[in-house]
Amino acid sequence: MTRIRPFSDEQSRLLVNLGQRYEVWIDAERALAALPYDLRRKTVGEREYLYRIFDRGGNGRSLGAMTPELEARFLAYRAEKEALKERIKGLRPALAESAALYRALRLPLLSSDAGPILRECDRRALLGSHLLVVGTNAIAAYMAEANSRIDLPDETEDFDLAWVAQTQDEEKRVWEMLKAVDPTFTVNIERDFQARNARAYEVELLVAPSRAGTLGGRDQPRPVPLPEQEWLLLGRPVDHVIGCRDGSPARIVAPDPRWFALHKLWMAAQAKRNPLKRPKDRLQGLALLDAVAQAMPHYLMDAAFEKELPDELAPHFEEWRDLSGPSEAADW
């Protein structure tokens, strides 16, 4: 069995406090993001108009000649926007304090590159409903779920997202999110499911066949539907706020740890998988199933769960059970 080290009481309290402070802050950020980019008065000839502005370049459209109703709308917008900015400004010190303590207490960390992407996803209400974090970045969230340190690497130099929306929404676009984080992101012409920025940080978009049709037709990157991604839609996702190496917080919503672990074991057995990645996949899969058995009793791995397993995954679950030994069997 993989050795896990439970977090101290101080670490556990900090995780709760960070999550609570982050949630209050991101609610305000979402409210600000939901407002128009800007409303401005413009004089054209002898008349004054109200314009809705879409971007920094000043592009927009007229809402009509100024009337008492539009004047009231303009003033209400200005007041609400200013109030939200002040609220966000006031919330940042406490959030930064918790994030700094998180790092000082040596809790699992994400790379500094992952943080801005996750925060922008959350600001746009994409996490959980439209995107899940998959790949090694999810490990930190599983440690938080287990309230324990798992002896595994908890960050990576690239970033994997899975598109999971059940219905199409052209307003929820991955490409706009990435470009808002870093305008240097471009699609890899040789692997159009992957975006890369000027620092060579890579973001890959994955999708299950059942969700491929909900991705906007003009959105990018363009993932290839993979049947094995269907497994990551099953069960109950984990949802935690994690600290980054630069001292900032970010929220992760990741697949059910049982299905994620079995998916990793399946990948490790695939001959087409990069041979340099297969040992890590196997190590992560086995260690995460161990952590579920030891520290996540709310994720059952009983006979009912075993009956749900498809033929491709059942042998990997049996292998883990054999490796774990009879002493842990009673805890499943």
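Points to keep in mind about this one:
- The three principal axes of the Cα atoms in the range 115-157 give end-to-end lengths of 33, 22, 14 Å, sorted in falling order.
- Euclidean distance of C-alpha centroids, the range 291-308 and the range 1-50, integer Å: 34 Å
- Out-of-range pairs (alpha-carbon distance over 28 Å; input Lys89/Lys179; Lys42/Lys85; Lys179/Lys280; Lys42/Lys81; Lys81/Lys172): Lys179/Lys280
- Compared with the alpha-carbon gap, the fully stretched path from Arg273 to Ser62 is longer by 70.6 nm at 0.36 nm per residue.
- Taking every protein chain into account, the 1.4 Å probe leaves Glu312 with about 100 Å² of accessible area, to the nearest ten.
- Fully extending the segment from Ser12 to Lys307, taken as 0.36 nm per residue of separation minus the present Cα-Cα distance, adds 102.8 nm.
- Residue by residue, the range 216-222 carries 3J(HN,Hα) couplings of x, x, 9, 6, 9, x, 10 Hz when phi is fed to the Karplus relation 6.51 cos²θ - 1.76 cosθ + 1.60 (θ = phi - 60°); x denotes Gly or Pro.
- Dipole of the chain computed with +1 at Lys/Arg Cβ and -1 at Asp/Glu Cβ about the Cα centre; of Leu18, Ala144, Gln284, farthest Cα towards the positive end is Leu18.
- Net charge of the neighbourhood of Ala208, taken over other residues with C-beta under 10 Å away and scored Lys/Arg +1, Asp/Glu -1, is -1.
- Approximate spin-label separation Thr186-Arg30, in nm, with each point projected 7 Å along Cα-to-Cβ: 3.5 nm
- Qualifying trypsin sites (Lys or Arg not before Pro) in the range 209-259, where qualification requires a DSSP coil assignment and no more than 12 other C-beta atoms within 10 Å, comprise Arg218.
- Radius ratio Rg over Rh of the range 39-136, counting only Cα atoms, Kirkwood formula for Rh: 1.16
- In the full protein context, the chain carries 49 Å² of accessible surface per residue, based on a 1.4 Å probe and ignoring ligands, DNA and RNA.
- Thr67 accessible area, assembled protein chains, probe 1.4 Å, Å²: 50 Å²
- Evaluated at q = 0.26 Å⁻¹: base-10 log I(q)/I(0), Debye formula over Cα of the range 196-251: -1.02
- Compactness of the range 1-86, taken as the C-alpha radius of gyration over 2.2 N^0.38 Å, stands at 1.85.
- Only helices reaching 24 angstrom along their own axis (Cα) with mean Kyte-Doolittle hydropathy no lower than -1.0 count here, and for the DSSP H runs of the chain these are 9-34, 68-104, 278-295.
- Between the amide H of Leu131 and those of Val164, distances stay under 5 Å, these residues lying 5 or more places away or on another chain, with hydrogens modeled in the peptide plane.
- Cα centroid separation - the range 94-166 against the range 209-240, whole Å: 18 Å
- Considering only beta bridges that DSSP places wholly inside the chain, some 75 percent are antiparallel.
- Vicinal HN-Hα couplings computed from phi for the range 49-61 (Karplus, 6.51 cos²θ - 1.76 cosθ + 1.60; Hz; Gly/Pro x): 10, 9, 10, 9, 9, 9, 7, 5, x, x, 5, x, 9
- Along principal axes, Cα extents of the range 266-315, largest first, whole Å: 33, 24, 11
- Extension gain from Phe74 to Asn147, taking 0.36 nm per residue of separation minus the Cα-Cα distance: 21.5 nm
- Per residue, the chain reaches -13500 deg cm²/dmol at 222 nm when only DSSP H runs of four or more residues are counted, each adding -39500 (n - 2.57).
- Low-density loop positions, GluC sites (Glu not before Pro), the range 171-267 - DSSP coil, at most 12 other Cβ in 10 Å: Glu171, Glu190
- Distance between the 7 Å Cα→Cβ label points at Glu86 and Thr214: 4.0 nm.
- A Stokes-Einstein calculation at 20 °C with viscosity 1.002 mPa s, built on the Kirkwood radius of the chain over Cα pairs, returns a diffusion coefficient of 98 µm²/s.
- One compactness figure for the range 106-222 is 1.07, namely its Cα radius of gyration divided by 2.2 N^0.38 Å.
- Relative contact order [Cα under 8 Å, 6+ residues apart], the chain, whole percent: 17 percent
- Positive-end ranking of Leu226, Leu206, Ile189 along the dipole of the range 189-241, with charges on Cβ about the Cα centre, is headed by Ile189.
The values are calculated or read from the model by the stated rules, or taken from the named source; none is laboratory data. Every value quoted in this text rests on a predicted model; they were computed, and no experiment measured them. Every residue, glycine as well, gets a Cβ built from its backbone with ideal geometry; the counts of neighbours run over all protein chains shown. Accessible surface is based on the protein model in full, side chains and every heavy atom, while ligands, DNA and RNA are left aside. Shrake-Rupley method; radii C 1.70, N 1.55, O 1.52, S 1.80 Å.
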